[in-house]
1. Quickly run through segment 13-37 and pick out the residues that are closer than 15 Å to ILE81 by Cα and touching a residue at least 24 places away in the same chain (Cβ under 8 Å).
2. In segment 36-55, is there at least one residue being within 17 Å of GLU76 (Cβ to Cβ) and among the small types (Gly, Ala, Ser)?
3. Hey, can you tell me all the residues within segment 182-215 that are touching a strand residue (DSSP E or B) at 6+ places or on another chain (Cβ under 8 Å), assigned to a loop (DSSP other than H, G, I, E, B) and open to solvent by 40 Å² or more (accessible area, probe 1.4 Å)?
4. I need the full set of residues from segment 109-152 which are open to solvent by 30 Å² or more (accessible area, probe 1.4 Å), charged (D, E, K, R) and under 12 Å from the mean Cα position of the chain (by Cα), in order please.
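The values are calculated or read from the model by the stated rules, or taken from the named source; none is laboratory data. Please read these numbers as outputs of a predicted model, since none were measured by experiment. Cβ atoms come from the backbone with ideal geometry, glycine included; neighbour counts cover every protein chain shown. Each accessible area value is taken on the protein alone, full model and side chains, heavy atoms only, with ligands, DNA and RNA left out. Shrake-Rupley method; radii C 1.70, N 1.55, O 1.52, S 1.80 Å.
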Amino acid sequence: MEQLLHHLRNLGFTEIESKIMVDLAEYGPAGGYEVAKRLGASRSNVYAAMQRLERQGALERMSGEPVRYRSLKPEELTRMISGRVEASLAFVEKSLPRGSGTAAPFLSMEGDQAVLDVLARELKRAQREIVVDVWREEAALLREPLAEAEARGVKVLWACDGPDQGLSRTLAWSGWNGLAERRGGGRKFSFVVDRQWCILGMRGGDYDTGAVITEHPVMAELLLHHFTQEMVLFQLEQDMGEQLEERYGDHFGLIQSQYLNAEADLESTEESITSTHSDMLEELEVDATEIVDEASRNTA
């Protein structure tokens, strides 16, 4: 009984309203005097509460005198409450003022359970697409909400990393002492829901679970591009791994060395960068001259 009353209160009914509804459901149609007597409550309070419940559609007033009320069937009551709540939620979503400016805020969240809870909630809200980039440990924890999303017709795109996967062999910025140090901070994960809601974080390792949550379009674009690049690299490794390593070296280090060199090569790197910048500036000057000439011709 107490649990039922608790849930009715959570749905917006007062203590006395909840007790009246349960009483009428148990004993059948009755007037305010009978109900007040059974509940040991003030008749004026009971009468007022029954009138409010009638106006809300939670009780039905029966014809005849004296005035008597009957409760709705459980399925009728839940349909009435569900419709009322959905209408209110739709109105709030449409009418509540939105923050000024075009950039969405970034929310920082910490704590393993808090991050997993917000992830599960947003996965249940997905309507069209979920892009998942996780390690197998996190994929297992979120298997149920992801399976439910797929059952609803939501497209789920996976990039599932692990210690034996090709994706873990991708290029690393200089300063990492091997793959183990790269992973010392934990396992990264990211989700993009409906190409709008994003979460990027890390779980496990030497740090507490933490994540950044945002609907900023730039973050969505970056994560989706990263996902696509990972998939392309993974497929290339599967199809052409030996040829790529033969040409560019293990972990494709030769490609990376053009951009990230060791300290010993710093001087040559600076020269390369200076040369590249000079070439770029010359190209920009040529482009600018052509644009000015074109504008002059158009004006003439």
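1. Residues of segment 13-37 closer than 15 Å to ILE81 by Cα: 13-14, 17-18, 21.
PHE13, THR14, GLU17, MET21 - these are the residues of segment 13-37 that are closer than 15 Å to ILE81 by Cα and touching a residue at least 24 places away in the same chain (Cβ under 8 Å).
2. No - not one qualifying residue is present in segment 36-55.
3. Taking segment 182-215 first, the residues touching a strand residue (DSSP E or B) at 6+ places or on another chain (Cβ under 8 Å) are 185-195, 197-205, 208-215.
Going one step further and asking which of them are assigned to a loop (DSSP other than H, G, I, E, B), we end up with 186, 194-195, 204-205, 208-209, 215.
If the condition is that a residue be touching a strand residue (DSSP E or B) at 6+ places or on another chain (Cβ under 8 Å), assigned to a loop (DSSP other than H, G, I, E, B) and open to solvent by 40 Å² or more (accessible area, probe 1.4 Å), then ARG195, GLY205, ASP208, GLU215 are the ones that fit.
4. Scanning segment 109-152 gives ASP117, ARG121, LYS124, ARG125.
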